[in-house]
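Data block below; observations after.
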Amino acid sequence: MSEVVANPPATAPASAPADSGGHVTATRRLLRRLRGIMAASESAQERLDRIVRVIAAEMVAEVCSAYVMRAGEVLELFATEGLRPEAVHRTRLRVGEGLVGVIAASARPLALADAQSHPDFAYRPETGEEVYHSLMGVPILRGGRVLGVLVVQNRTLRHYTEDEVEVLQTIAMIIAELVASGELVNPLEMEESRGGVALPVRLEGIRLNPGLAIGPAVLHEPAVVIRQVVAEDIEAEQGRLRQAVAAMQQAIDKLVDRSRGLGPGEHRDIIETYRMFAADRGWLGRIGEAVRSGLTAEAAVQKVRDETRGRMLQIADPYLRERLFDLEDLANRLLRYLTGQSPGLSAAELPSEFIVVAQTMGPAELLDYAHRRIKGLVLEEGSATAHVAIVARAFDIPVVGRMGEATRQIETGDILIVDGDHGQVLIRPRADIQHSVGATIAARTRRRAFYESLRDLPAVTRDEVDIRLLLNAGLLLDMAQLAPTDAEGIGLFRTEIPLLTRSAFPDVADQADFYRRVYQQAEGRPVVFRTLDIGGDKVLPYLAHGAEDNPAMGWRAIRIGLDRPAMLRQQLRALIRAAAGLDLYVKFPMIAEVPELEEARRLLDKELARAAREGREPPHSVKVGVMLEVPSLLWQLPALLKRVDFLSIGTNDLAQFLFACDRGNPRVADRYDLLSAPMLALFRHVVAECRAANTPLSMCGEMAGDPIEAMVLIAIGFRSFSMAANAIGPVKTMIRSLDAGALARYVDEIGERPEHSLRRWLESYARDHAVAL
């Protein structure tokens, strides 16, 4: 049945009426009519023809036309009401050509009262559009990709309203589904045209694992469609379930075996735990019970998964939510075995290199891809302590999480740039950007090879100043970087990081076992353990902690340890047991006054005395230090240095407290520069005090891993730096090209300039003196 449409008037009003209530009613009526057309059993072309007629009538326009993108960035007139019928499928415009092409190129609406006076107006005689003066057009978008352009035109100089533009944009969303269905244009042709017409999109997330990667997207879609719910033969379904479980467990055993090649670390523990989940009798028992109730094996797995998800999504505890991801992974894996599908995509289905995009992912699912040339991972959820992020670190895969609508905005085949360093993903970048990033990755690869060639060379300046380079760590996985970097030890072991993935505070035995493993992997190198720096942005899920207006300056670190002495004493007890016969280095974070250090030291002494009473072997030596993070300590240094064996500076907190600048607030986080007169004066003061007291001083903050900032610290007098593993190479390269004495004299000259930053002078110095930054 054809659509009955009243003929529009010869002229339309100069603008739409201002009655908002009537506008909403008319829009709803129009959308209802369009939905009815979309549901009709006609061909896609017939439905599109009806749609443009309805739009023209409802929007009081003489013309409504729909242009669809074809291969080669060409927009073809597919349907029209008002232009000459013979122009359909004949009129074509390239992206950027004419007003229709401009709308496609910019992906933005355009409303012109006098379209023919616009410099981009392109007249096509076959259309007969010379009599139409005004034009309103909107892009037909789907997933950030331009699929076409929808246009209305009028004879008069009509001023289209914002409401009318919004209505046309809403209609274009409906037409986008029709175009994307593949009924109008062959899907293969649409695939060919994707690269040029898709719009670049930048998404912001959080860094889960650093690195840079480029490649085509592969959407991780583990969902399995269940076609039969009620079982015809319960015994047969039970047999199918047993066979699928056995096959799944055997495959997971192989994954565990493959993971052993990655060396020791938390990733191994996570995968082993995952294997235990796969054999969990409670989980498998609930599935078996659902089968006995009359469901097929697939329906039973989905029922148990849905019930578990419903319960656990109401829990805010991040540890328990992480268990949910593991169970989701297992359920999807079991469903695939039941339906005869292998987990993940086959090697033949995957590009030579690719980036996986997923809402979330379990550790075993990542292992399915990790042996098949995966270059990066994008997640809608996730945290730095998520199991999949920890496993990704073992493979050195860049990971960005908290990407929100990633799976909706990214389609399989889209080229992605994953910037794990800055927590960004660029979708469908321009060719020049792809080339630039490819060159950057190649340069990084060459630099990494160069840094590896420096591994066995000492960190000594050109004027023979020895510099000590150590690693920051927080996981057993990080310990594996000691050998390849040839770092002298661990200058900062963040003991709170492993606790963030646990469901309860570990007992002394568990903690001691963990710290022994740290010592074992250090292989005789020194390890400096920082006691729990929890609170602020690192809240343990099992520790009651109310909301705070300013958590960075609130109840955290040593304040929690002294207020909850049992927790701190248990940690110290575990460290003492693990360090039997070894050197124990302990430093306390967030110390604001000397009495806090004295109280923490008393707790340590009590635990040493307890170990002696129990007849345990004591540490070979015990060295105590503090993290200088709170500016109040600057006026207590003489008294403090008499009570510590070493001092470390944490610049992240120190800088934000010194400048009263919240580093978590993007509006002010970069407002002040560490290479400024106030910070350099502070460092000079600390260096002088430590030298006078003969107290070892080290830098553990982010400054230590930045070559130019580490360069200046060496000039001031720092000789020990602790940093991330990937910073060792760049910093050592800088050190070996530096004349520390010459730079020290230059810093003396400029150090007191009242400038916002001294960085540009220092960068110029490095260029002029061939210091490798």
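Throughout, read-outs are computed from the coordinates displayed, never taken from laboratory work. Everything numeric in this text was worked out from a predicted model, so none of it was measured. Using ideal geometry, Cβ is built from the backbone for each residue, glycine included, and neighbour counts are taken over all protein chains shown.
Annotation for residue 620 and residue 685: the two label points, set 7 Å from Cα along the Cα-Cβ direction, are 3.8 nm apart.
Between segment 106-157 and segment 612-650, the C-alpha centres lie 73 angstrom from each other. Taking all Cα pairs closer than 8 Å and separated by 6 or more residues, the relative contact order of segment 389-523 comes to 15 percent.
Spin-label pair residue 553-residue 186: with each label point 7 Å from Cα along the Cα-Cβ axis, the two points sit 6.7 nm from one another. At an R0 of 51 angstrom, the distance between the Cβ atoms of residue 165 and residue 602 translates into a FRET efficiency of 0.10. Net length available on complete extension from residue 42 to residue 609 is 195.4 nm, with 0.36 nm assigned per residue and the Cα-Cα distance removed. The calculated FRET efficiency for residue 770 paired with residue 448, based on their beta-carbon distance and R0 = 35 Å, is about 0.95. Taking label points 7 Å from Cα along the Cα-to-Cβ direction, residue 510 and residue 645 give a separation of 2.9 nm. When only alpha carbons are used to place a centre, segment 462-487 and segment 675-730 end up 15 Å from one another. Pop the C-beta distance of residue 126 and residue 155 into the FRET formula with R0 = 25 Å and round what comes out to the nearest 0.05. Calculated transfer efficiency: 0.85. Relative contact order, whole percent, for segment 648-773 stands at 29, derived from Cα pairs under 8 Å and 6 or more residues apart.
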